[in-house]
Amino acid sequence: MAGCRSGAVAAGCACMHAFTTTAPKLHTLSSQGRKGKKKMAPPTRIPTEEDFAGIDGLVVKLAYPSPRESTTALLLLFHGLGDWEEPFAGFARGLALPGVLGIAVRGTSPLPPALLGLSEDDAAATGEGTRHFYWGDDITLAADGSGDLDPDPGFAKAQRLVLDRLVHDVLVRRCGWALSDMLLFGFGEGASLALGLASRVRLPSSPRVSEVLEETAEAEPSREEQTAFKGVVSIGGPLPPSMVPTLEARAKARTPVLVCYGSRSELVDDDAVDLLRREFADVKAVVWTRPDDGMPRSRDEVLPLMQFFAERLNSGWP
């Protein structure tokens with residue numbers, strides 16, 4: 001666990017350096033992709049910190065574009081196991097995606113101090129316990145007897161807080177955004193959550209979506225447009241089977257997916273990519289030459305993300 005935690009924190013630092021140095025190229029690519037397109041009118045209202053204050057059990061950090069009034073899309077960021085939201089808010093600022101508001105979300109539960117090698121008193125005294133969180137419903141070992149953590153511990157709590165409360169209650173209902181205005185980005189366990197959320201919203205019969213559409217029929221996009229995000233990026237995270245709908249006749253999810261992973265990834269293999277392609281209509285898989293699943297470090301690793309973001313920001317509905 002200690003290695004997993006320190007690796008996640010180090011990955012946050014590495015991604016900050018990589019994206020800060022390449023952000024101008026990404027800005028240029030995105031800006032060029034938007035030329036010749038009709039500019040999208042700003043949604044009803046740009047979210048503020050106060051909008052999220054009423055969500056008990058969830059903390060976010062916002063990274064606004066400049067100027068703030070230029071916001072036309074949202075990027076929700078989910079950190080990996082043992083990390084927190086601050087490095088990913090900085091990552092969003094480093095990206096400097098034109099017109100994109102970054103919303104970095106903190107994991108729904110703190111890691112127990114014992115897993116950090118600390119006593120509860122030490123964790124409280126050093127503040128270490130306030131910077132290490134996870135998304136799963138529990139921390140359990142995989143059933144294969146390997147001693148590794150279960151990559152699918154269930155995400156019911158995170159789905160309720162993020163999808164029901166943050167996305168539908170705050171961003172859609174209160175602020176007037178559509179799912180197709182929102183990009184998702186996740187690393188490790190946060191990437192699995194992001195993919196799972198994109199999988200779950202495909203269901204047109206979702207009570208929360210139906211309720212929003214009925215109450216704001218004139219302001220909101222059609223039901224079809226409400227069943228897909230603008231796009232989702234996974235760095236080293238597989239789709240958790242627990243977040244795949246159980247309906248046999250389910251349609252493929254329409255959210256475009258980019259998954260990037262190391263050549264010897266511990267969690268993303270051919271089977272994981274095959275599952276993504278069975279459940280999503282549009283999947284791009286990029287295998288890095290280096291073995292691990294850390295955040296992008298080189299131009300070759302960053303370029304697929306740059307292209308994906310530019311394509312999605314230049315698009316209309318998914």
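Data overview
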read-out: Residue ranges of strands (runs of 3 or more DSSP E) in segment 231-318 with at least 1 members touching a residue at least 24 places away in the same chain (Cβ under 8 Å) and farther than 23 Å from Leu75 by Cα; value: 283-287
read-out: Residue count, segment 291-318 (criterion: loosely packed, with under 14 Cβ neighbours inside 10 Å and either within 23 Å of Gln226 (Cβ to Cβ) or among the basic types (Lys, Arg) (or both)); value: 2
read-out: Top-ranked residue of segment 267-290 - restricted to ones that are within 17 Å of the chain's Cα centre (by Cα) and β-branched (Val, Ile, Thr), ranked as surrounded by the fewest Cβ atoms within 10 Å (Cβ to Cβ); value: Val283
read-out: Residue check for Phe91: modelled with pLDDT of 90 or more, among the aromatic types (Phe, Trp, Tyr) and under 30 Å from Glu69 (Cβ atoms); value: yes
read-out: Number of positions in segment 58-78 that are more than 20 Å from Val162 (Cβ to Cβ) and small (Gly, Ala, Ser); value: 2
read-out: The one condition in (1) more than 18 Å from Ala92 (Cα to Cα); (2) touching a Pro at 6+ places or on another chain (Cβ under 8 Å); (3) surrounded by 14 or more Cβ atoms within 10 Å (Cβ to Cβ) that Arg264 fails to fulfil; value: (3)
read-out: Selection status of Val259, modelled with pLDDT under 90, surrounded by 14 or more Cβ atoms within 10 Å (Cβ to Cβ), out of contact with any Asp or Glu (no Cβ under 6 Å at 6 or more places or on another chain) and β-branched (Val, Ile, Thr); value: no
read-out: Leu77 at pLDDT 90 or above and surrounded by 23 or more Cβ atoms within 10 Å (Cβ to Cβ); value: yes
read-out: Single residue of segment 184-209 satisfying the filter (touching a Pro at 6+ places or on another chain (Cβ under 8 Å) and surrounded by fewer than 23 Cβ atoms within 10 Å (Cβ to Cβ)) that is modelled with the highest pLDDT; value: Arg200
read-out: Members of segment 226-253 found to be over 22 Å from Phe91 (Cβ atoms), basic (Lys, Arg) and in contact with a strand residue (DSSP E or B) (Cβ under 8 Å, 6 or more places away or on another chain), listed by number; value: Lys252
read-out: Residues located in segment 51-91, provided they are of a type outside the set (D, E, K, R) and over 25 Å from Arg312 (Cα atoms); value: Phe52, Ala53, Gly54, Ile55, Gly57, Leu58, Val59, Leu81, Gly82, Trp84
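The values are calculated or read from the model by the stated rules, or taken from the named source; none is laboratory data. In this text, all values refer to a predicted model and were calculated from it rather than measured experimentally. Cβ sites come from the backbone with ideal geometry, for glycine too, and all protein chains shown count toward neighbours.
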